[in-house]
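A short worksheet on the structure shown next.
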Amino acid sequence: MARRAGVTSATVSEHVRILREAGLTASVRDRNTVLHVPTPLGLSLLTANRRT
């Protein structure tokens, strides 16, 4: 994520932590990889403005 967004790993980590604490994402660890996925609340916020 950091490489793709052009920011540091620490920056991504902080943003993901805030999103997780707000209930907008969930993080699942598999060995040395972490998958960050939107929660139902996060998805509803992402799609709220798409309805026209």
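Convex hull of alpha carbon positions in the chain: directionally averaged projected area 4.4 nm². Proximity of backbone amide H atoms, modeled 1.01 Å from N, is registered between ALA26 and VAL37, THR39 at under 5 Å, excluding neighbours fewer than 5 places apart on the same chain. Distance from a point 7 Å along Cα→Cβ of VAL12 to each backbone N in the range 26-46: keep the residues under 14 Å and list them by number. Flagged as within label range: 28, 32-37. Note: relative contact order over the chain, using C-alpha pairs below 8 Å and six or more positions apart, is 22 percent. Scanning the chain for trypsin sites (Lys or Arg not before Pro) lying in DSSP loops with no more than 12 further Cβ atoms inside 10 Å, the longest uninterrupted stretch between such sites is 1-30. Computed from Cα positions, the angle between helix 9-21 and the longest principal axis of the chain comes to roughly 40 degrees. Computed over the chain, the per-residue total of -39500 (n - 2.57) for DSSP H runs of n ≥ 4 gives a 222 nm mean residue ellipticity of -13000 deg cm²/dmol, rounded to 500.
Taken together, the values in this text are just the output of simple stated rules run on the coordinates, not laboratory data. None of the values given here were measured: they were computed from a predicted structure. Because the Cβ atoms are built from the backbone with ideal geometry, glycine has one as well, and the counts that use them run over all protein chains shown.
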